[in-house]
Amino acid sequence: MNLWLLAPELSLFFTAVVVLLLGLASSRRGIVIGVSLLGVLVSFVFAAFLWSGTPQATFNGMLSVDQFAVFFKFIVLAALVLVILASADYDYKVEQVRAEYFTLILISAVGLMLLSSARELITIYVSLEMSSISLYVLAGFLRDRRSSEAGLKYLLLGSVASATLLYGMSFVYGLTGKTELGQIASAIQSLSLSGLLDNPALLLGLVLVAGGFGFKISSFPFQMWVPDVYEGAPTPITGYLSVASKAAGFAAVMRIFYDAFGAPSWLGQNWGLLFAGLSIATMTVGNIVATAQANIKRMMAYSSIAQAGYIMVGLAAVSMGQSVAPAARSALAFFLASYTLTNMGAFVAIIAFSNKTNSDLIVDYSGMGRRAPLLALGLTLCLVSLLGLPPTAGLIAKVYIFNAAVQQGLLWLVIVAVLNTVVSAYYYLRVVKLMWLGNPVSEEPVPSSAALRTALFLACAGILLLGIVPDLLVRLSETAGHSLL
Amino acid sequence: MNIPYLTLILFLPVAGAIVVALLPKPEQKTIRSVALVFTLLSFFLSIGVFLGFDRSSAAGTMQFEEKLSWLPAIGSAYHLGVDGISLVMMILTTLIGVLTILVSWKVTSRPREYFIWLLVLETSILGVFTSVDLIMFFIFWEVELVPMYFLISIWGTGRKEYSALKYVIYTITGSALMLAGILTLYFSVGTMDMAVIAQTDLSKATTIIPLAGIFVLLLIGFAIKLPVFPLHTWLPDAHTDAPTAVSVVLAGVLLKMGGYGMIRFNVGFFPSVAEDAAPILMALAVVNVLYGAAITLRQTDLKRLIAYSSVSHMGLVLLGVFALTPVSLTGATLQMFNHGVVTGLLFAMVGLVYDKTHNRNLGKLGGLARQMPIVVVVFSIAGLASLGLPGTSGFAAEFLVFVGSFTSTTVTSARVLTLLSAFGIVLTAGYILWMLQRVFYGPPKEEYNRVPDADRVEMLCIFSFVAVIGLIGIYPAILTNVIQVGTRSLTVLVGAP
Amino acid sequence: MTVGLQHYVVLSAILFSIGLYGTLGRRNAIVVLMGIELMLNAANISLVAFSRYLTPPALTGQVFALFVIVVAAAEAAVALAIIMTIYRNRRTIEVDKIDLMKW
């Protein structure tokens, strides 16, 4: 048992406690945000040390500290930096309880970071709930009608999902007598089954677990909470939900399904096919419904559902082939990293606009190219990256993940996915078009704070950098994909 | 030290765009001069490459190669190079690049953004023609969408936003399928290097899906771009509503990306499948030529008329490519160059006429011969080149296409199809002469009495086009020599001497 | 008749179904919350039963259930707090009247 292996999470948790205590003394914006960012930095340094270590399991195999987990910790930390900066301007709405707001964000990040390491059912459940419960509160944090409605919906549906997950886990446990993923895998193999239908308990466990996590990664048919919660929640939290919680969710799904249900190969094929099917439904529903949205946060919600569909292409590729596919895992990791930057960037720009206009309607973005050229340029870049056009990270991520899928013989899935991106062109470009071609509602420029500008700049620089020299991050994600314990 | 010529040619326009973007509060004059300087540099360098290109039979197909590691995880590298075919296309692009700047000389609405997009557009097209790596090719193919979208939807006319979106949706559909095709190809051959794939006998490789499947996935994207009937419907809208310079680029080089892709991918990689598909595609080519010409006859809008004539002319390219003989392929490539220059000039002329008369309707124009003599002469030359009058580049190109396809032995019905499409020339003569007559001859109209003729910049621009048309018309070998170096390596070619 | 594993499993399945019905079929947010608690406890019963009958010396299932109980308590606290804010805002906790944003 080596506490150093938990240093990123522990330091972040410590920061959360400090921020909370600071709130008793003073809740000045500068101090709270400064301390939070400092904590993230410390945690990042610890994580960077873990990156260079050898992959190992700790706490009796409950947590695995491999590059795959550390990669997702980096993603969560990057999202955390952006969300803290994005909240800097937004938090006038929560001034009384500012310290609590940031504490909850930090604690949920600790949960997500643990989730990306967890390889034991109890740990997975507890870290999932640690992040979720904080996020329920954050979604309802504004306490106005919309926000509390978002909080309630998120909480009720989220709890149903985690109860479902838990019930599924109890079957997996009942079947194998184990809670550690590796042991579950060997127990399943020793049952020497020949098909999923041979063992209803396994089938039920698999489906229920997939359902519980399907909620977290907003897969069809568990996507219906997404638009409402995204629309009502404070915008920085919406961005955070859409990237960090989704990324860690995918990491956990990857780990559970690959580690515990990866062998024998028919089992892998089975759930691979399940995710391939869900992927098609998810991206199609997301893209088609997104075209009809009038509220930009709702549009981004459906867009993030569609993006989850693309990521699931990678998930399907992980298990579908004859051979093990580290390439698909790397592609998944790279896609999530690029998606995190892109989607957070887009939400930062949206926050900046709505701070001024107090509206999230797409029509109010008309003529923003003239009122706030830099913000509009940033948002354009993010949307173009989501659509997957060069020279952005989004394109590389798509090519990379589709590449892995074709390698595994999923050409049909890739064709559906690429046709889906065509549909998405319609709604992404509609916003771009309005910003640059529409007539401004007023000539008043849209100011933005230094924190927001920094966040947007960081996100855009990352998107461009990864689009032009992707090899930097691709190497890291390759290491991550190969390191899985 | 090796000078990376291709990289310079490729990125000079974008460098110009960056300079324009960084200038503090530039005037329109400064912007256009910067743009002109950078495109000229790129053009001169490409002429340098043209002169330095080894035409001897011993020479390798890919020349001026540059290779850097870029994304090893999916086998992709930064890999540039030109063979005979892409060299010609590259020169066409840099030439049109310079001329579009001249055509846009008087653009005053948001000039900075306009010239930036124009320059980015040039780089992306150059990238398509000079990439040897499949992923690079795909990326540049996609880059082109963004500037085109903005150029049409901001500086266009009419239903510009609709046309721009239609253009994007069509192209993105094609390129999406192309990506699937490229990835499948990659896993069948194990390399992203086009030159290597062209050497590989794919019929012996184990592929994920049948070869014909990959062929079709790739073909659709190119067919949309070329455009091939019935995927052509985006073209008249985009052309008509785009600003003049963008129409010039669109007709001049963007359409050629489709033809180039077909030669390089469909014919170069899948000779056996191309042979099987040739009769169907040649038949489609005939439809393109005749349907395009027939519908052109019914147009009353000057710009729309030229746009539809492109459909007809690009049909000849399709015919030449899939007749699969060395002569017809050379002809098809030359036809791409010729169409680029001629139709580019025609669009520039339409732009001139429209700028001065504010009218594009054939019914309302007339008798301009007196008022704008220079415009009339140049317009007539362009028109005659378009219908393939001997002595112009149009003749050389169309002649080669017809001779090449007529003698094709691969495709059984090649003779009939060639004769049918030759009938398209008659229709072309019909609409070109009719158009010239309606616009320029007949009684002069009073309202156009004060209309000025072309000024110096415009003359410089249009006479450069005319010079090129004349040069290729009189001495086509200057290009065909080079093109043959490229077609030589295409293994299918039956009946090669 | 002795009470065996299957009885517990069936009991937990029944409880889970009742809970699921409560969450999907009832309108009052508090009742929905109770449904969720039923679902969690169904999982607890099955965890403990599996642990008791299948892996007798190890207490993994019981420990798991303890964790679940703790988490469920936290969840309920947050849920009640959010329901309170909703009630203050609109004087109702009927889920189908909380429809500012369309589902």
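For residue A:127, state whether it is in contact with a strand residue (DSSP E or B) (Cβ under 8 Å, 6 or more places away or on another chain), closer than 26 Å to residue A:207 by Cα and without any contact (Cβ under 8 Å) to a residue 60 or more places away in the chain. Spell out how you get there, then give the answer.
On the way: in contact with a strand residue (DSSP E or B) (Cβ under 8 Å, 6 or more places away or on another chain): yes; closer than 26 Å to residue A:207 by Cα: yes; without any contact (Cβ under 8 Å) to a residue 60 or more places away in the chain: yes.
Judged against the criteria, residue A:127 is a match.
Determine, yes or no, whether residue A:37 is more than 21 Å from residue A:124 (Cα to Cα) and in a helix (DSSP H, G or I). I'd like the intermediate steps shown before the answer.
Details: more than 21 Å from residue A:124 (Cα to Cα): yes; in a helix (DSSP H, G or I): yes.
Spelling it out, residue A:37 is indeed more than 21 Å from residue A:124 (Cα to Cα) and in a helix (DSSP H, G or I).
Among the residues of segment C:1-33, which ones are touching a strand residue (DSSP E or B) at 6+ places or on another chain (Cβ under 9 Å) and surrounded by fewer than 20 Cβ atoms within 10 Å (Cβ to Cβ)? Before the answer, list the steps.
Within segment C:1-33, the first condition is being touching a strand residue (DSSP E or B) at 6+ places or on another chain (Cβ under 9 Å), and the residues that meet it are C:27-29.
Of everything in segment C:1-33, those that are touching a strand residue (DSSP E or B) at 6+ places or on another chain (Cβ under 9 Å) and surrounded by fewer than 20 Cβ atoms within 10 Å (Cβ to Cβ) turn out to be C:27, C:28.
With surrounded by fewer than 24 Cβ atoms within 10 Å (Cβ to Cβ), in contact (Cβ under 8 Å) with a residue 12 or more places away in the chain, more than 28 Å from residue B:315 (Cβ to Cβ) and not hydrophobic (A, V, I, L, M, F, W, C) as the only criterion, which of B:190, B:213 stands out? Working first, answer last.
Values: B:213 fails: more than 28 Å from residue B:315 (Cβ to Cβ).
Of the residues listed, the single one that is surrounded by fewer than 24 Cβ atoms within 10 Å (Cβ to Cβ), in contact (Cβ under 8 Å) with a residue 12 or more places away in the chain, more than 28 Å from residue B:315 (Cβ to Cβ) and not hydrophobic (A, V, I, L, M, F, W, C) is B:190.
Out of A:168, A:182, I need the residue that is more than 19 Å from the chain's Cα centre (by Cα) and more than 10 Å from every other protein chain (Cβ to nearest Cβ). Which one?
The conditions single out A:182.
Which residues, taken from segment A:87-115, are hydrophobic (A, V, I, L, M, F, W, C) and at pLDDT 90 or above? Let's see the steps before the verdict.
So the first thing to find is which residues in segment A:87-115 are hydrophobic (A, V, I, L, M, F, W, C), and the list is A:88, A:94, A:97, A:99, A:102, A:104-107, A:109-110, A:112-115.
Of everything in segment A:87-115, those that are hydrophobic (A, V, I, L, M, F, W, C) and at pLDDT 90 or above turn out to be A:102, A:104, A:105, A:106, A:107, A:109, A:110, A:112, A:113, A:114, A:115.
Please list, ordered by residue number, the helices (runs of 4 or more DSSP H) wholly in segment B:380-497 having 1 or more residues that are crowded, with 16+ Cβ neighbours inside 10 Å, at pLDDT below 85 and of a type in the set (Asp, Glu). Break it down into steps so the answer makes sense when it comes.
On the way: elements: B:393-406, B:414-440, B:456-474, B:477-487.
Of the helices (runs of 4 or more DSSP H) lying wholly inside segment B:380-497, those with at least 1 residues that are crowded, with 16+ Cβ neighbours inside 10 Å, at pLDDT below 85 and of a type in the set (Asp, Glu) span B:456-474.
Could you please let me know if residue B:231 is surrounded by fewer than 23 Cβ atoms within 10 Å (Cβ to Cβ) and either of a type outside the set (S, T, N, Q) or more than 14 Å from the chain's Cα centre (by Cα) (or both)?
Working: surrounded by fewer than 23 Cβ atoms within 10 Å (Cβ to Cβ): yes; either of a type outside the set (S, T, N, Q) or more than 14 Å from the chain's Cα centre (by Cα) (or both): yes.
Against the criterion (surrounded by fewer than 23 Cβ atoms within 10 Å (Cβ to Cβ) and either of a type outside the set (S, T, N, Q) or more than 14 Å from the chain's Cα centre (by Cα) (or both)), residue B:231 qualifies.
Go through segment A:51-110 and count every residue that is closer than 22 Å to residue A:334 by Cβ and in contact (Cβ under 8 Å) with a residue 12 or more places away in the chain. I'd like the intermediate steps shown before the answer.
Restricting attention to segment A:51-110, the residues satisfying the condition of being closer than 22 Å to residue A:334 by Cβ are A:51-53, A:55, A:64-83, A:109.
From the residues that got through so far, the ones that are in contact (Cβ under 8 Å) with a residue 12 or more places away in the chain too are A:51, A:53, A:55, A:64-83, A:109.
Of the residues in segment A:51-110, 24 are closer than 22 Å to residue A:334 by Cβ and in contact (Cβ under 8 Å) with a residue 12 or more places away in the chain.
Give B:53, B:38 a once-over and let me know the one that is closer than 14 Å to residue B:126 by Cβ and surrounded by 16 or more Cβ atoms within 10 Å (Cβ to Cβ).
Working: B:53 fails: closer than 14 Å to residue B:126 by Cβ.
Exactly one of B:53, B:38 is closer than 14 Å to residue B:126 by Cβ and surrounded by 16 or more Cβ atoms within 10 Å (Cβ to Cβ), namely B:38.
Give me the pairs: first residue in segment C:24-42 and under 23 Å from residue C:10 (Cα atoms), second residue outside any helix (DSSP H, G or I) and at pLDDT 90 or above, beta-carbon distance under 7 Å, and six or more apart or on different chains, which are they?
none
Could you tell me which of the residues C:65, C:73, C:77 is more than 8 Å from chain A (Cβ to nearest Cβ), buried (at least 18 other Cβ atoms within 10 Å of the Cβ) and either free of Cβ contacts under 8 Å to residues at least 12 places away in the same chain or more than 25 Å from residue A:148 (Cβ to Cβ) (or both)? Give the steps one after another, and end with the answer.
On the way: C:73 fails: buried (at least 18 other Cβ atoms within 10 Å of the Cβ); C:77 fails: buried (at least 18 other Cβ atoms within 10 Å of the Cβ).
Unique residue meeting the criteria: C:65.
Being surrounded by fewer than 23 Cβ atoms within 10 Å (Cβ to Cβ) and either in contact with a His (Cβ under 9 Å, 6 or more places away or on another chain) or small (Gly, Ala, Ser) (or both) narrows it down to one of A:330, A:359, so name that one. Give the derivation first.
On the way: A:330 fails: surrounded by fewer than 23 Cβ atoms within 10 Å (Cβ to Cβ).
Just a single option satisfies the conditions, and that option is A:359.
Mind checking whether some residue in segment B:101-108 is in contact with a helix residue (DSSP H, G or I) (Cβ under 6 Å, 6 or more places away or on another chain) and within 30 Å of residue A:397 (Cβ to Cβ)? Give the steps one after another, and end with the answer.
Start the filter on segment B:101-108 by keeping residues that are in contact with a helix residue (DSSP H, G or I) (Cβ under 6 Å, 6 or more places away or on another chain), which leaves B:101-105, B:107-108.
In the following step, the residues that additionally are within 30 Å of residue A:397 (Cβ to Cβ) were identified as none.
The answer is no; no qualifying residue exists.
From B:107, B:88, B:132, B:128, grab the single residue that is of a type in the set (A, V, I, L, M, F, W, C), more than 15 Å from the chain's Cα centre (by Cα), surrounded by 24 or more Cβ atoms within 10 Å (Cβ to Cβ) and more than 10 Å from chain A (Cβ to nearest Cβ).
On the way: B:107 fails: surrounded by 24 or more Cβ atoms within 10 Å (Cβ to Cβ); B:88 fails: more than 15 Å from the chain's Cα centre (by Cα); B:128 fails: more than 15 Å from the chain's Cα centre (by Cα).
Of the residues listed, the single one that is of a type in the set (A, V, I, L, M, F, W, C), more than 15 Å from the chain's Cα centre (by Cα), surrounded by 24 or more Cβ atoms within 10 Å (Cβ to Cβ) and more than 10 Å from chain A (Cβ to nearest Cβ) is B:132.
Residue by residue, here is whether (1) over 26 Å from residue A:240 (Cβ atoms); (2) modelled with pLDDT of 90 or more; (3) not in a helix (DSSP H, G or I) holds:
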{"residue": "A:272", "(1), (2), (3)": "yes, no, no"}
{"residue": "A:278", "(1), (2), (3)": "no, yes, no"}
{"residue": "A:285", "(1), (2), (3)": "no, yes, no"}
{"residue": "A:289", "(1), (2), (3)": "no, yes, no"}
{"residue": "A:292", "(1), (2), (3)": "no, no, yes"}
{"residue": "A:317", "(1), (2), (3)": "yes, no, no"}
{"residue": "A:333", "(1), (2), (3)": "no, yes, no"}
{"residue": "A:336", "(1), (2), (3)": "no, yes, no"}
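Please go through segment B:201-228 and give me each residue that is under 18 Å from residue B:177 (Cβ atoms), more than 14 Å from chain A (Cβ to nearest Cβ) and assigned to a loop (DSSP other than H, G, I, E, B), ordered by number.
Listed by number, the residues that qualify are B:226, B:227, B:228.
Go through segment B:147-172 and report how many residues are among the charged types (D, E, K, R), more than 10 Å from chain A (Cβ to nearest Cβ) and in a helix (DSSP H, G or I). Break it down stepwise before answering.
Restricting attention to segment B:147-172, the residues satisfying the condition of being among the charged types (D, E, K, R) are B:159-161, B:166.
Checking the rest, the ones that are also more than 10 Å from chain A (Cβ to nearest Cβ) come to B:159, B:166.
Filter once more, keeping what is in a helix (DSSP H, G or I): B:166.
Of the residues in segment B:147-172, 1 are among the charged types (D, E, K, R), more than 10 Å from chain A (Cβ to nearest Cβ) and in a helix (DSSP H, G or I).
Residue check, residue A:220 against (1) in contact (Cβ under 8 Å) with a residue 40 or more places away in the chain; (2) within 11 Å of another protein chain (Cβ to nearest Cβ), all met but one. Which one?
That leaves (2) as the condition not met.
So which residues in segment B:394-417 are β-branched (Val, Ile, Thr) and closer than 17 Å to residue B:334 by Cα, if there are any at all? Show your work before the answer.
Step one: filter segment B:394-417 for residues β-branched (Val, Ile, Thr), giving B:401, B:403, B:407, B:409-412, B:416.
Selection gives B:401, B:403.
What tally of residues in segment A:70-98 results from selecting those that are in contact with a Leu (Cβ under 8 Å, 6 or more places away or on another chain) and among the small types (Gly, Ala, Ser)?
3
If a residue has to be surrounded by fewer than 24 Cβ atoms within 10 Å (Cβ to Cβ) and farther than 20 Å from residue B:381 by Cβ to count, how many in segment B:315-353 make the cut?
1
Going by the structure shown, is residue A:160 touching a helix residue (DSSP H, G or I) at 6+ places or on another chain (Cβ under 9 Å), farther than 21 Å from residue C:49 by Cα and at the interface with chain C (Cβ under 7 Å from one of its Cβ atoms)? Outline the logic, then answer.
On the way: touching a helix residue (DSSP H, G or I) at 6+ places or on another chain (Cβ under 9 Å): yes; farther than 21 Å from residue C:49 by Cα: yes; at the interface with chain C (Cβ under 7 Å from one of its Cβ atoms): yes.
For residue A:160, the condition - touching a helix residue (DSSP H, G or I) at 6+ places or on another chain (Cβ under 9 Å), farther than 21 Å from residue C:49 by Cα and at the interface with chain C (Cβ under 7 Å from one of its Cβ atoms) - is met.
With respect to the numbered conditions (1) more than 8 Å from chain A (Cβ to nearest Cβ); (2) closer than 16 Å to residue A:162 by Cα, which one is the sole condition not fulfilled by residue C:57?
(2)
Could you please find all residues in segment A:438-453 being surrounded by fewer than 22 Cβ atoms within 10 Å (Cβ to Cβ) and in contact with a helix residue (DSSP H, G or I) (Cβ under 6 Å, 6 or more places away or on another chain)? Show your work before the answer.
Of all residues in segment A:438-453, those surrounded by fewer than 22 Cβ atoms within 10 Å (Cβ to Cβ) come to A:438-447, A:449-451, A:453.
Passing the criteria: A:440, A:445, A:446, A:449, A:451.
Do we have residue B:356 as charged (D, E, K, R), in a loop (DSSP other than H, G, I, E, B) and out of contact with any strand residue (DSSP E or B) (no Cβ under 6 Å at 6 or more places or on another chain) here? Steps first, please.
Values: charged (D, E, K, R): yes; in a loop (DSSP other than H, G, I, E, B): no; out of contact with any strand residue (DSSP E or B) (no Cβ under 6 Å at 6 or more places or on another chain): yes.
No, not satisfied.
When you check residue A:131 against the structure, is it assigned to a helix (DSSP H, G or I), more than 7 Å from chain C (Cβ to nearest Cβ) and in contact with a Leu (Cβ under 6 Å, 6 or more places away or on another chain), yes or no? Can you show your working first?
Numbers: assigned to a helix (DSSP H, G or I): yes; more than 7 Å from chain C (Cβ to nearest Cβ): yes; in contact with a Leu (Cβ under 6 Å, 6 or more places away or on another chain): yes.
Yes, satisfied.
Quick one: which helices (runs of 4 or more DSSP H) sit completely within segment A:353-429 and have at least 2 residues that are within 8 Å of chain B (Cβ to nearest Cβ)?
Numbers: elements: A:368-371, A:373-387, A:393-407.
Helices (runs of 4 or more DSSP H) meeting the threshold: A:393-407.
The values are calculated or read from the model by the stated rules, or taken from the named source; none is laboratory data. Remember, it's a predicted structure, so these values are computed and weren't measured experimentally. Backbone-built Cβ (ideal geometry, glycine too); neighbour counts: all protein chains shown.
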